[in-house]
Amino acid sequence: MTGIRLHLSVRGLTDADLPSCGWAGDAVHVRQLVHQIRRAETGDIDYLAVCTPVGLPVAVGGIDYTVEPGAGTLWQLGVHPALQSCGIGTLLIRSAEQRIRARGLTRAELGVEESNPRARALYERLGYRAFGREPDSWDVEAEDGSLQRYETMCTLMRKDLA
């Protein structure tokens with residue numbers, strides 16, 4: 001079997017990355033990333049990009065330090081569809097956990113859509129355990145350009161980082 005090795009780096013997402021992030025969500029989501037980059041500049045969050053050697057993001061995700069005391073809350077985690085199941089999501093999550101620890105926090109939390117068993121299996125392999133459920137929702141852009149509310153149920157998961 002032939003394999004391809006790709007050297008990846010993890011850094012903060014920048015405005016210059018946004019034109020390359022169309023794979024991460026609809027136009028509303030990509031426009032909203034500008035707000036997340038501004039929040040990262042204030043220190044409330046980290047918004048990470050896993051990048052190829054030429055700097056193209058192939059995975060992104062945020063860590064919010066304002067949601068739960070003592071924890072970093074991971075959200076909007078995504079890997080380019082063509083590169084899923086290659087270990088990039090694991091790299092993203094482990095990098096996020098390092099950032100959380102660097103702030104002196106001892107817990108990582110996240111919510112995973114119950115309709116996404118592959119993601120939940122990844123989180124469980126990385127040591128996350130379910131502790132509850134809650135609904136979530138956000139705006140998505142329909143084909144006609146209108147906004148529609150997407151509603152889902154999430155399993156809440158956490159991992160002790162101490």
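The values are calculated or read from the model by the stated rules, or taken from the named source; none is laboratory data. Nothing here was measured: the structure is a model prediction, and the numbers come from that model. Cβ: placed from backbone, ideal geometry, glycine included. Neighbour counts: every protein chain shown. Only protein heavy atoms, including side chains, enter the accessible area calculation; ligands, DNA and RNA are left aside. Shrake-Rupley method; radii C 1.70, N 1.55, O 1.52, S 1.80 Å.
Return a yes/no flag: does segment 65-82 have any residue that is surrounded by fewer than 22 Cβ atoms within 10 Å (Cβ to Cβ) and in a helix (DSSP H, G or I).
Within segment 65-82 (the criterion being surrounded by fewer than 22 Cβ atoms within 10 Å (Cβ to Cβ) and in a helix (DSSP H, G or I)), the answer is yes, since at least one residue qualifies.
Of everything in segment 38-68, what is of a type in the set (A, V, I, L, M), under 22 Å from residue 110 (Cα atoms) and out of contact with any Gly (no Cβ under 8 Å at 6 or more places or on another chain)? Give them in sequence order.
Correct list: 50, 58, 67.
Would you be able to tell me the number of residues in segment 9-33 that are surrounded by fewer than 17 Cβ atoms within 10 Å (Cβ to Cβ) and assigned to a loop (DSSP other than H, G, I, E, B)?
2
Of the conditions (1) open to solvent by 60 Å² or more (accessible area, probe 1.4 Å); (2) in a strand (DSSP E or B); (3) within 27 Å of residue 26 (Cα to Cα), residue 144 clears all except one; give me its number.
(2)
Only one residue in 127, 89 is within 30 Å of residue 7 (Cβ to Cβ), more than 14 Å from the chain's Cα centre (by Cα) and open to solvent by less than 90 Å² (accessible area, probe 1.4 Å), so which one is that?
Of 127, 89, the one residue that is within 30 Å of residue 7 (Cβ to Cβ), more than 14 Å from the chain's Cα centre (by Cα) and open to solvent by less than 90 Å² (accessible area, probe 1.4 Å) is 127.
Out of 117, 81, 53, I need the residue that is more than 23 Å from residue 6 (Cα to Cα) and of a type outside the set (S, T, N, Q). Which one?
Values: 81 fails: more than 23 Å from residue 6 (Cα to Cα); 53 fails: more than 23 Å from residue 6 (Cα to Cα).
Criteria check complete, one pass: 117.
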